[in-house]
Each structure stands twice: as C-alpha cells, then as structure tokens.
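The values are calculated or read from the model by the stated rules, or taken from the named source; none is laboratory data. Quantities reported herein were computed from a predicted structural model and do not represent experimental measurements. Glycine gets a Cβ as well: all are built from the backbone with ideal geometry, and neighbour counts include every protein chain shown. Please note that ligands, DNA and RNA were not included when accessible areas were found on the heavy atoms of the full protein model with its side chains. Shrake-Rupley method; radii C 1.70, N 1.55, O 1.52, S 1.80 Å.
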Amino acid sequence: METDVLILGSGIAGGTAALQLADAGVSVTVVTRAPNPEESNTCYAQGGIIYQGDDDSVTLLAEDLIRAGAGHSHRAAVEILAKEGPELVERFLVKRLGVPFDRTDQGELQVIREAAHATPRIVHAADTTGKAISDALTIALQAHPRIQLLTEHTAVDLLTPAHHARDRSAIYAPLSCVGAYLFNQKTGEVIPCIAKKTILATGGLGQIYLRTTNPVGARGDGLAMAYRAGARAINCEFVQFHPTTFHHETAPAFLISEAVRGAGARLVNGNGQTFMEKYAPEWGDLAPRDVVARGIHQEMIALDVSHVYLDLASSLPVAKIRHEFPNIYAQCLSYGVDITKEPVPVVPGAHYFCGGVWVDVWGRTTLEHLYAAGEVACTGLHGANRLGSASLLEGLVWGDRAARDILLQLTDQKLHPAADIPPWQNTGSELADPVLISQDMRSIKYLMWNYVGLVRTSDRLRRAIRELRHLQLEIEEFYHTTQLTDGLIGLRNAIQVAIIVTQAAWENKTSMGCHYRE
C-alpha cells in the first residue's frame with residue numbers, strides 16, 4: 001500500500017491533519033484499530049475545549065497554562081496555543097465541521113469556567129463535547145474523496161529504513177520513517193504501507209493503569225512504536241489522574257467531568273463533610289487536578305475508605321443537572337445512582353498523559369518524516385500537569401500545524417522504493433491465548449496502579465522496574481512465538497510504555513505537578 005501521508009489515529013489530532021491535507025489535494029490514509037473511526041480518546045472527552053471569554057486574552061490563558069503545568073511548560077508551545085487555538089475552534093470546528101456547541105439565547109457560543117481557569121472560556125456540547133467533535137470529524141473523513149479510512153487495522157511497527165530496508169547501508173543515514181506495518185484484524189494479514197510522511201495520533205496510555213477514564217485502545221501504541229524506532233520521548237513521568245471517576249463494583253471507571261465541580265458540585269467524604277479546603281485552601285474543589293486527586297487520595301487513606309463522593313444534589317437544581325450533564329446523569333442512573341438525589345461515589349483514575357514523543361513547534365519528531373500530534377506527542381504545552389480542556393485544543397492546533405508543515409515539503413519528496421521494504425515475516429505459529437494476554441495486562445495494570453500511581457516512593461518504583469522488566473521478557477517471548485492479534489500487539493506496547501513511564505518516574509527525584517514523590 002502507498003499513500004502520500006499515513007495518519008495513525010482518527011481523533012481530533014489525526015482527523016484535523018487528514019482533512020487539512022486532503023482539502024489541499026493530498027492523498028491521505030487514516031488508520032484506526034477500532035471498528036468505528038469515532039472511537040478514540042477524543043470521543044470520551046466530556047467537559048469542553050478552550051475557546052475565549054469576554055475578558056480573556058492570550059496572556060491570561062498563557063498564565064493559566066503555565067500555572068497548571070507547575071511552571072514546567074514550554075513557553076513557545078504555550079504562546080502558539082494561546083494565539084492560534086481560539087481562531088481554529090471558530091474556523092475549523094464551528095465553520096468547517098459544524099460542531100454543535102451549546103449557545104446562548106442570543107446565538108453566541110456559550111462559555112463556561114472550569115477549575116484552574118481564571119475566566120469562563122470553555123465551549124462545550126452539554127457533557128459530550130468530545131463525541132460531538134468526533135462525530136463531526138468522522139462524517140467529514142468518510143465523505144472526503146482523498147481520504148482512505150481503514151478501520152480494524154492495527155499498526156504493528158513504524159517502517160524505518162535503518163531497521164527494515166533490504167539495503168543495509170541505510171543504517172548509516174539519519175533515522176527516518178517511511179510508513180508502518182499494518183495488521184488487518186479481519187484477515188490476519190500484515191501490510192507494509194509506504195508513505196512520504198507519517199503522523200502519529202494514537203492517543204494516550206491510560207489502559208496501563210487499573211482505573212482509567214481512557215477507552216480500551218489507549219495502550220500507548222504510538223509511544224511504544226516510536227520508542228522502538230529510536231524517537232526521543234520526554235516528560236513521561238507526568239501521568240495526570242482525574243480526581244473524579246465513577247466508582248462501582250460492576251461499572252467501568254467512566255469520567256465525571258470537571259465541569260460538574262465548575263458548576264458548583266462539592267467533594268464530600270462519607271460523613272457528608274467537605275474536605276478539599278484542608279488540602280488546597282486557595283482553590284478548594286477547583287484546585288488543579290493533581291492537587292484534587294491527591295486530596296482525595298489522602299482523605300481515603302485518613303478514613304480508610306475505597307472512595308469519596310461528589311455531591312451535586314445539594315447545590316445544583318435538578319433541571320440544571322439534567323440539562324447540563326445529561327450523559328453523566330444517564331450513565332450513573334444505569335448503575336442505580338440518581339445524581340439529582342444522592343452523591344456520586346468517585347475515585348481518581350489515570351486520565352491524561354502529559355509526556356510523550358518529543359515534537360517541535362510543527363509536530364516534527366526526531367525521526368525524519370515522522371510527526372506526532374495529540375496525546376501521544378509532547379509539545380511541552382502541559383508541562384508537569386495539564387490544564388482542563390487544553391488537550392482537545394492541543395490536538396486541534398498541532399494537527400493543523402503538522403498538516404501545514406507537511407504541505408510545504410511534500411511536492412519535492414518521493415516515496416521510498418517499495419521493493420526495499422521486505423514483507424512481514426510471521427515468526428509465531430501458536431494461537432494467541434486470550435486468557436494469557438488478559439492476565440499479563442492485569443499484571444501491568446496492578447503494578448502501575450500500586451507502584452507508579454498517584455503517590456510514588458523509591459521502594460515502589462524500584463520494585464516496579466524489576467517486576468516490569470521480568471514481565472517484558474516473558475511478553476516478548478510470547479509475542480515472537482504467537483500469531484499476531486490486536487490484543488497481543490497491545491500487550492507488547494503496554495509493557496514497553498509502562499517501563500518508559502516507570503523509568504522516567506524513577507529518574508525524576510523531584511515532586512512536580514502530577515509526578516509526586518513521597
């Protein structure tokens with residue numbers, strides 16, 4: 001298979017890049033491992049996306065981003081997002097895609113305030129903003145004649161001449177990417193896809209943790225592939241835990257949006273007492289996410305309980321709850337919790353990866369012809385902790401910037417000779433046992449949750465590194481003797497990124513942002 005640009009991932013970063021390139025006449029192939037292209041991290045974003053408020057400014061937004069990032073944010077990235085982001089929301093999401101954001105009675109985009117924002121500047125579509133964006137993106141992607149959309153295809157590895165070319169002298173050239181090996185889940189075939197440029201837009205890695213708001217595909221696939229290919233990765237210790245995920249024995253840990261607290265809901269313990277004023281006197285319930293998550297963690301330890309509660313009913317009218325948070329209301333009610341009458345049981349959950357594959361201000365990685373955008377990339381925007389609703393905007397801005405940079409270079413570039421890339425060699429003959437894959441994934445999740453979670457210690461991290469490395473040896477042997485499946489590919493990637501995160505956490509001895517060393 002050959003294409004001008006190969007994009008791995010169909011969320012806001014990959015979708016934006018694909019449409020911008022295709023609109024300019026470029027042939028694009030978008031690949032997703034999911035059966036439906038709208039299934040991505042983007043789809044699960046509830047709260048909203050940063051836009052601009054009446055009293056807002058580039059400077060004010062930049063200050064909020066840097067403050068939330070614990071002073072570790074990359075200033076150039078912050079300024080780019082603050083300047084380019086709001087205009088892109090208007091031009092691309094509203095006018096190009098027609099995303100149905102909520103509006104005022106006067107027909108203006110409705111803006112709300114979220115935690116750690118100095119002013120109301122978030123636009124939203126009720127409590128399913130991400131779904132509204134991903135639905136609009138999918139319609140546009142499927143309709144575009146220059147976009148080939150491949151569902152149920154899993155990227156196995158990036159194609160790098162230094163590792164794969166028949167011409168072994170390629171090992172002396174600078175590292176570059178010329179596409180990827182793609183696994184067709186339906187047929188079991190692995191296809192080399194040759195591309196002039198490749199964009200990683202594969203999302204996050206929350207599934208390496210026991211409790212997460214991320215969908216099943218968020219296994220760190222893009223980071224693992226880039227790491228194996230030799231790309232630089234940075235800030236990988238900074239895994240943000242969302243303070244409030246729904247806690248129930250038989251329910252998935254779905255997100256209870258930060259916008260709920262922004263609207264006035266309060267965190268309470270089992271006795272009905274508020275507690276965040278003890279841990280964050282300045283901000284209370286609207287403190288940055290890492291502070292709130294640790295406050296909940298400390299309260300749970302102090303009271304020896306498995307969860308706390310988020311109380312909407314005491315401070316929000318029933319009509320407001322049902323109107324502004326209809327999806328959260330319906331999901332909680334399906335598990336027997338009526339949020340208009342009783343508090344919601346919540347615990348922190350792995351939510352957003354602030355690190356990732358290093359990219360410059362145009363989304364270029366350290367491998368020639370390889371770009372990354374969205375959660376898999378690290379622009380430095382988030383520093384040590386992400387500001388709420390900044391992730392969707394970052395994906396939009398860097399998806400756009402990667403596309404713009406590619407357009408400047410594509411005309412003069414030729415495809416790598418297909419004959420130089422060998423076909424995939426199947427090394428495994430055994431059928432993959434899903435029980436073994438499931439058990440190994442559970443081992444990774446428990447190790448990361450207990451040893452590399454909200455609060456980290458030297459002893460826990462030392463043990464995590466030792467046990468994860470042993471597990472990696474077992475998984476690599478399993479991988480090389482077993483026929484490929486999507487689950488096996490994900491398992492191999494998950495153990496790799498778990499080690500990357502743990503090693504980064506071990507090396508950073510200083511607590512900052514969402515990396516907390518006790």
In nm, to one decimal, how far is the modelled label at T151 from the one at D459, with both set 7 Å along Cα→Cβ? 5.0
Site M300, offset 7 angstrom along Cα→Cβ, radius 19 Å on amide nitrogen, limited to region 488-518, gives 514-518
Cα shape, region 404-518, gyration tensor, a/c 1.5 rule: oblate
Given charges at beta-carbon only (K, R positive; D, E negative), |dipole| of the chain in Debye: 660
Starting from the Cα gyration tensor of region 291-403, take the square roots of the eigenvalues, sort them a ≥ b ≥ c, and report rounded, prolate or oblate (rounded when a/c is under 1.5, otherwise prolate if a/b is larger than b/c, else oblate). prolate
With N residues in region 158-249, what two-decimal value do you get for its Cα radius of gyration over 2.2 N^0.38 Å? 1.39
Out of the total accessible area of region 278-383 (probe 1.4 Å, heavy atoms of protein only), what percent is carbon and sulfur? 55
With Cα extents along the principal axes in Å in mind, check (i) 110, 92, 48; (ii) 104, 61, 54; (iii) 68, 53, 41 and report the label derived from this structure. (iii)
Tell me the net charge near H351. Cut-off is 9 Å between Cβ atoms, H351 excluded, with +1 for each Lys or Arg and -1 for each Asp or Glu. +2
Quick check: from the Cα gyration tensor, does region 403-443 come out rounded (a/c under 1.5), prolate or oblate? oblate
Taking the 0 to 90 degree range and rounding to the nearest ten, how far is the long axis of helix 58-68 tilted relative to the main principal axis of the chain, both from C-alpha atoms? 90
Loop-resident sites, region 46-151, for trypsin sites (Lys or Arg not before Pro), counting at most 10 other Cβ within 10 Å (DSSP): none
So with the 1.4 Å probe, I'd like the accessible area per residue for region 317-415, rounded to whole Å². 33
Any trypsin sites (Lys or Arg not before Pro) in region 278-371 that lie in a DSSP loop and have at most 10 other Cβ atoms within 10 Å would be K341
When the helix-only estimate is applied to the chain (DSSP H runs of n ≥ 4, each -39,500 (n - 2.57), divided by the residue count), what is the mean residue ellipticity at 222 nm, nearest 500 deg cm²/dmol? -11500 deg cm²/dmol
Using only Cα atoms and rounding to the nearest 10 degrees, what angle (0 to 90) does helix 289-303 make with the longest principal axis of the chain? 60
If you place +1 on the Cβ of every Lys and Arg, -1 on the Cβ of every Asp and Glu, and leave all else neutral, what size is the dipole of region 273-387 about its Cα centre, to the nearest 20 Debye? 160
Farthest towards the positive end of the dipole of the chain, among Y44, P326, L436 and with Cβ unit charges of +1 on Lys and Arg and -1 on Asp and Glu, lies the Cα of L436
Would you mind checking K445/K509; K131/K320; K83/K509 for any pair whose Cα atoms are more than 27 angstrom apart? K83/K509
Show S443, S389, S314 ordered by accessible area, largest first, where the area counts protein heavy atoms only and the probe is 1.4 Å. S314, S443, S389
Write down the accessible area per residue of region 160-226 in Å², having rolled a 1.4 Å probe over the full set of protein chains. 33
Compute the length gained on full extension between E467 and L436: take 0.36 nm times their separation in residues and subtract their Cα-Cα distance, giving the result in nm to one decimal. 9.5 nm
Quick one: compute the contact order of the chain, relative version, from alpha carbon pairs under 8 angstrom and 6+ residues apart, as a percent. 22
